[in-house]
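The values are calculated or read from the model by the stated rules, or taken from the named source; none is laboratory data. Given the structure is predicted, the values throughout are model-derived calculations rather than measurements. Quick reminder, even Gly has a Cβ in these numbers, built from the backbone with ideal geometry, and neighbours come from all protein chains shown. Surface areas here come from the heavy atoms of the whole protein model, side chains and all, with no ligands, DNA or RNA. Shrake-Rupley method; radii C 1.70, N 1.55, O 1.52, S 1.80 Å.
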Amino acid sequence: MTIWLEPLPVQIPHELAAAIDGHPILLQTLVQRGLTDPQVACAFLDANLYQPTPPEELPGVEAIVYRLQRALRMEEIIAVWGDFDVDGQTATALLVSALRRLGGRVIYHIPVRESEGHGVNLPYLESLARRGARLFLTCDTGISAYAAAQAAREWGIDFLITDHHELPAELPPATAIASPKLLPPDHPLNGLCGVGVAYKVVEALYRALGCEEALTQFLDLVALGTIADVAPLRGDTRYLAQLGIEQLRQHTRLGLRLLLENAEMSAADLTEEQISFGLAPRLNAVGRLADANPMVEFLTTPDQGLAQRLAFEIEGFNEMRKRLTEEVFQAALSQLEQDRSLLEHPVLVLYHPQWHPGVVGIVASRLVEHFGKPAILLCGEKEKGARGSARSVEGVNITQAIAVHAAMLSSFGGHPMAAGLTFAPAADLPERIARFRQAIGYTVQKMFGGRSPEAQLQLSAYLPLEQADWSLAEQLERLAPFGAGNPAPIFAAQNLTLIGYSEIGRQNEHLLLDVEDEQGNGYRLIWWQGSSWPLPKGKFDLAYRLRGRTYNGERRLQFEWVDFRPRMQPSVELTATEEIALLDYRGESFPLERLRALGNEGELLIWAEAGERTAVQGKDRTELAPHPHLVVWTIPPSAGELRRALRLVRPKRISFFAVDPQMDDLHRLMERISGLLKFISVRHHGQTTWTWLAAATCQRVGAVRLAVQVLAERGGLEILAADDQGFTFQLKPGRPGSTAAALLVELQRHLEESRAFRHHYRTCSLEGLRILLSGEANRLKTD
């Protein structure tokens, strides 16, 4: 179970508030992240104010630049050796294109995962030497390539390493090594990934040659590799990602433009989230399942035909990746279900000989996300040995933990949050893996002070969904790009009810969820990869992220589901519903006659709204009071409104009718609200409450608020003041706004939700109504 950490109490310095014109929650988030100095905070929000670190501060850069300049002058063949993940692909593409632009003679190689594995292998290195290479240059790999560096020395070929992975106990005998891990942890270059290190080398080289202005063209590759590798977005790493994302938006290279089209994404609106879930997985799929060498050409070619052919192949590998990932993920869950003791270990270590090695890292990440502890997934037959991937949580350097047990492995390598490892062939391989599970679990437990890692969720603030508006979302986007070291703020909303959900995605892997707050306002959230996890029952608190999205020029709010926790339910309401007599008259052909007959039996409180209120002399939601016999005449717009009526009236008897107020049609609703506003303008001087307007239309408050906003955006009225209770307005012609279309889309969604609820109310059993009243109708699936 995930532990929710309460928002950190902060005091916003006066100087910070004066320097940054921002929403209080934006300022609060900056302070929570230690950004209290106005100058530092402003540079964090605006890359133009950041002072980048000179590349020469990265150890080894000057020596590498000196050797590259000599190679360029002497026209030596430079062999670039990369890695098959996106960080390695982009680093290779950056170095190859940057050196060729300077007239360099460059060849390159990315090892094929299936046959070569990670790192620099001697057979292919030797083949590069036979092709005439006189200088080896690694990127995103090489820091553990002791044998390769030694062999290159013996062949008389200089060996340059640019890498960001954890340093081994003994560094390779290379000509020069550029690694951010040689810097102090708080240095602004310490968090660079492979492509970031490659860029700083190229930056120093281009500066030395006087062509610094050409560096901009490589920033998109830096952003792509940085986001894909989940590098900590602090210091220069964040700065380069900010510039690179802007470059991606404005000057998208051919290959990436085609990938965006396949992912149905717009370059102009690109975010780090879309890179993580749209672009990066496609490129990673090739490296995981096939040969990533063509990706260098894909990222650098101006040839439309070649780029289209490679983009088509990438889509095929991506579909294969998704299928294999889901298969392995379900198999991993099945293992945990069959042997619950595996969950008791501080590290999830799972093994199956038939799992595909190309996707075990992805599945490990998903397990970490759900269980909140490090995960290691291994595959491979006994006679070939096992290999796998590790993923970690904040506070556990998984590579260091694995290093403690190096004697149990044939090889390993990685960085704090991810690692790769292999076991030698052995007849007792499963037993060796079991011993490793115990050993690394003990080590990780020691790292956590003698306790097992627990999933923790740091809340930024408690923020009701109704207060999460576009203005706040726009302010929060100033904190982007989000990722490791700079997570998106997580807010908590309380006392929600799940109304319905639907599966989306090509493999139905995501969920769209409709929730309702205590005021009856409805909201839709997206839960990425949520289809495999349990949903809440009864009232719950929600942890969510708020993002402001722009699609084809239209602004939209996006609520992203993160986690939930059930709330303790007051027993009085559940007990009461069991004692209430429920009478079902929803199918009556002549409901008015039945209502009169009930009235002859005793006094009634008739709950009726919209046009039906006057017809039956009923009361709307603003007029309900305790009464022994409640008649539900018009179908309410939501389960929340129905339960609220129950709490207000506390009846001993409920008679259910099913008169449709006919207010779920957009045109009819807008006409009704326009007429009501004219009446209010004359009789009440343009002042009303949201609840009164909702009752007069038998709609939820959220729907009528949207309808009023639409009218205002169309130029028919001016809202003079508004708060959570109501608003003041005047009817006057005005200039139409730009967001009417987006508001209409959102309003139509609200009406569809109300329509779906009314249909369920009309057609469910009497027991279904009892469940609705008790608040347990939250597993209703809507398609």
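Projecting the Cα atoms of Thr399, Ala98, Ala712 onto the charge dipole of the chain, computed from C-beta unit charges around the Cα centre, puts Ala712 farthest toward the positive end. At the listed q of 0.18, 0.19, 0.26 Å⁻¹, the Debye profile of the stretch 237-325, built from one uniform point per Cα, gives log10 I(q)/I(0) equal to -0.79, -0.88, -1.39.
Legend: residue pairs Lys322/Lys373; Lys181/Lys322; Lys322/Lys384, Cα-Cα distance threshold 28 Å; pairs beyond threshold, Lys181/Lys322. Look at the alpha carbon pairs under 8 Å that are at least 6 residues apart: their mean separation over the length of the chain gives a relative contact order of 9 percent.
Helix 429-447 axis versus longest C-alpha principal axis of the chain: approximately 70°, rounded to the nearest ten.
For the stretch 183-246, the relative contact order is 42 percent, taking Cα pairs closer than 8 Å that sit 6 or more residues apart in sequence and dividing their mean separation by the residue count. Using only Cα coordinates, the Kirkwood hydrodynamic radius of the stretch 645-717 works out to 13.8 Å. Over all directions, the projected convex hull of the C-alpha atoms in the stretch 457-615 averages 15.0 nm² in area.
For Arg770, the solvent-accessible surface computed with a 1.4 Å probe is close to 60 Å², ligands and nucleic acids excluded. Here Rg/Rh (Cα atoms, Kirkwood Rh) was computed from the coordinates, and among (i) 0.97; (ii) 1.04; (iii) 1.24 the match is (ii). Could you tell me how many degrees, from 0 to 90 and to the nearest 10, lie between the Cα long axis of helix 280-289 and the main elongation axis, the longest principal axis, of the Cα atoms of the chain? The angle comes out at about 50 degrees. What's the whole-number percent of alpha carbon pairs in the stretch 310-465 lying beyond 27 angstrom? The proportion of pairs with Cα distances above 27 Å equals 25 percent. Considering every alpha-carbon pair of the stretch 258-306, the percent of pairs per 10 Å bin, from zero through the bin containing the longest distance, is 23, 50, 27, 0. Percent of accessible area on the chain owned by carbon and sulfur, 1.4 Å probe? Within the chain, the accessible surface is 50 percent carbon and sulfur. Once the Cα atoms are used to define both axes, helix 360-371 deviates from the longest principal axis of the chain by about 40 degrees. Across all Cα pairs in the stretch 672-783, the calculated P(r) in 10 Å bins from zero up to the longest distance comes to 13, 38, 27, 16, 6, 0 percent per bin. Derived scalar couplings between HN and Hα for the stretch 206-219 equal 5, 5, 5, 9, x, 10, 4, 5, 7, 5, 4, 5, 9, 5 Hz in order, rounded to whole Hz, by the Karplus curve 6.51 cos²θ - 1.76 cosθ + 1.60 (θ = phi - 60°), x for Gly and Pro. Relative contact order of the stretch 506-557, taken over Cα pairs closer than 8 Å and 6 or more residues apart, is 26 percent.
In the chain, helices alone account for a calculated mean residue ellipticity at 222 nm of -13000 deg cm²/dmol, with every DSSP H run of four or more residues adding -39,500 (n - 2.57).
Couplings 3J(HN,Hα) of the stretch 25-30, computed from phi: 5, 4, 5, 4, 5, 4 Hz, in residue order, whole Hz [Karplus 6.51 cos²θ - 1.76 cosθ + 1.60, θ = phi - 60°; x for Gly and Pro].
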